[in-house]
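The values are calculated or read from the model by the stated rules, or taken from the named source; none is laboratory data. Quick caveat: nothing in here was measured; it's all calculated off a predicted structure. Heads up, the Cβs are rebuilt from the backbone with ideal geometry, glycines too, and the neighbour counts pull from every protein chain shown.
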Amino acid sequence: MKVSQLATFLNETAVPEFLGKDENGDPVVIIKEDLSNFLDFGRAFTDTATNDDLDNFIKKLGDKVGKQIFVAREYKPLMPDIVKDGSEWGSVVEKSRIIPRDFETNFVWDLTAGEKYDEFLTFKPNSATVKYYNKKVTYRIPLEVTRKQIKGAMTSADAFTRFVGALEQTVANQMSLAYEIMSQRLVNGMICQSVLDSREIKLGTLYTAETGTTFNTIEEMLADADFLRWSVAKIKDISNLITKMSTSYNDGTAMTFTPKEYQKLTMLSPYATALETNLYSGTYHDDFLKLGEYDTVPFWQTLGTGSYSDRAEIKAVPIHYRETAGDTDVDATGVIAVLRDVDALAIFNHEKYTTTFVNPDTAVTRYNHFEDLSLYADTSENFVVFTLG
């Protein structure tokens with residue numbers, strides 16, 4: 001074990017810096033500190049043992065592991081509401097929507113003698129649209145455990161159990177990551193479809209038309225309190241509008257509405273942060289400006305260079321195939337928020353199963369973790385995209 005003496009460092013550097021005065025009572029000048037002898041960043045155990053791994057008395061005995069830490073944090077995916085219930089049997093997801101009937105004349109107040117008015121002899125069934133979803137995506141995650149060899153590296157049965165648990169948690173985290181990735185792709189595909197159909201709400205264009213103010217960058221827009229206040233009002237207005245029956249905020253194929261409790265708002269985190277720091281913090285009655293519950297994503301497709309422009313951009317083929325459009329590439333830029341119906345997107349029929357195989361020659365146990373997913377998107381539900389375009 002490598003041991004470093006701290007006395008000189010504490011007396012001559014650390015304590016004076018902490019107190020802000022040197023031994024003469026003068027202000028301390030910040031100096032570069034060499035912390036390489038004190039901080040242990042760990043090293044991969046791939047090299048042969050060094051003197052640091054030996055005891056300090058006999059210089060022959062190897063240091064033993066005193067504590068084993070296994071990193072096995074649970075990863076929780078963003079937008080978990082997209083993952084719906086699973087299904088062990090069947091593969092098709094059927095979604096039906098009853099088409100409302102047209103209004104008819106009420107002839108009760110306009111009866112004519114001798115006319116027949118037996119409506120029960122005329123069968124007029126309500127029409128309905130039925131969509132079937134029958135596609136799946138699948139993947140496998142292998143996990144191999146060599147019990148004999150691993151037990152030799154463990155200090156106790158409890159440590160071995162925790163190590164195997166860490167392996168299993170890693171697999172579970174990968175599956176959660178898959179849910180998040182596919183949920184995000186569903187959202188991104190619907191965003192691109194809305195942009196292709198010219199159904200995006202271009203906040204920058206609308207704000208310039210109303211106020212005459214223009215911005216050169218996303219950063220400028222997110223730093224302007226007046227624009228932020230106006231954008232919150234616009235999002236709230238759209239949230240109220242989609243509670244009414246309409247075809248304005250879907251693909252136009254069905255009249256639909258989305259009550260408040262069925263609405264999901266997802267915002268790009270730089271926009272959400274700008275609201276908190278540049279708007280709410282300087283507003284006395286910020287409750288009047290705050291949006292309701294929402295979740296955030298740090299970026300839609302990729303972090304890229306880390307700029308707001310990269311994080312707010314999506315390049316993809318729309319999720320809904322159309323013969324007129326074909327495989328049209330869409331470049332959605334400046335996307336800061338999405339307001340959607342909970343039934344617009346879903347991951348259904350997700351089924352997890354595991355197979356086990358023991359190799360008799362190597363005594364290695366292999367676990368194959370499988371999962372099947374059905375990705376579901378319905379463009380006839382309300383889905384509103386807000387951009388800074």
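Here is how the numbers come out for the structure above:
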quantity: Contacts under 7 angstrom Cβ, first residue in segment 152-181 being free of Cβ contacts under 8 Å to residues at least 40 places away in the same chain, partner surrounded by fewer than 16 Cβ atoms within 10 Å (Cβ to Cβ) and assigned to a helix (DSSP H, G or I), 6 or more apart; calculated: PHE160/ILE150; PHE160/LYS151
quantity: Count of residues meeting criterion [closer than 11 Å to ILE347 by Cα and in contact with a strand residue (DSSP E or B) (Cβ under 6 Å, 6 or more places away or on another chain)] in segment 183-198; calculated: 1
quantity: Count of residues meeting criterion [among the hydrophobic types (A, V, I, L, M, F, W, C) and within 30 Å of LEU206 (Cα to Cα)] in segment 356-389; calculated: 6
quantity: Selection count where residues are crowded, with 17+ Cβ neighbours inside 10 Å and in a loop (DSSP other than H, G, I, E, B), scope segment 234-250; calculated: 3
quantity: Residues (under 12 Å from LEU339 (Cβ atoms) and in contact (Cβ under 8 Å) with a residue 24 or more places away in the chain) located in segment 221-249; calculated: LYS234, ILE235, LYS236, ILE238, SER239, ILE242, TYR249
quantity: Residue among THR155, THR161, THR138, THR170 that alone is in contact with a Gly (Cβ under 9 Å, 6 or more places away or on another chain), farther than 19 Å from PHE357 by Cα and not aliphatic (A, V, I, L, M); calculated: THR155
quantity: Some residue of segment 155-174 being in a helix (DSSP H, G or I), of a type in the set (Phe, Trp, Tyr), out of contact with any strand residue (DSSP E or B) (no Cβ under 7 Å at 6 or more places or on another chain) and farther than 21 Å from ASP81 by Cβ; calculated: yes
quantity: Residue in segment 97-120 that is surrounded by 14 or more Cβ atoms within 10 Å (Cβ to Cβ), outside the structural domain of LEU265 (by TED's automatic domain parsing) and within 29 Å of MET245 (Cα to Cα) present; calculated: yes
quantity: Top-ranked residue of segment 353-378 - restricted to ones that are surrounded by fewer than 20 Cβ atoms within 10 Å (Cβ to Cβ) and among the hydroxyl-bearing types (Ser, Thr, Tyr), ranked as nearest to MET221 (Cα to Cα); calculated: TYR353
quantity: Candidate set from segment 62-109 (those that are among the aromatic types (Phe, Trp, Tyr) and within 29 Å of TYR133 (Cβ to Cβ)); member that is modelled with the highest pLDDT; calculated: TYR75
quantity: Only listed residue being under 23 Å from the mean Cα position of the chain (by Cα) and either exposed (fewer than 14 other Cβ atoms within 10 Å of the Cβ) or farther than 29 Å from ASP378 by Cβ (or both), chosen from GLU261, GLU220, GLU210, GLU200; calculated: GLU261
quantity: Exclusive hit being at pLDDT 80 or above, more than 30 Å from ALA225 (Cβ to Cβ) and over 18 Å from the mean Cα position of the chain (by Cα), set ASP327, ASP343, ASP378, ASP331; calculated: ASP378
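To keep it simple, each residue is scored yes or no on (1) under 25 Å from the mean Cα position of the chain (by Cα); (2) outside any helix (DSSP H, G or I).
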{"residue": "LEU177", "(1), (2)": "yes, no"}
{"residue": "GLU180", "(1), (2)": "yes, no"}
{"residue": "LEU186", "(1), (2)": "yes, no"}
{"residue": "THR205", "(1), (2)": "no, no"}
{"residue": "PHE215", "(1), (2)": "no, yes"}
{"residue": "VAL232", "(1), (2)": "yes, no"}
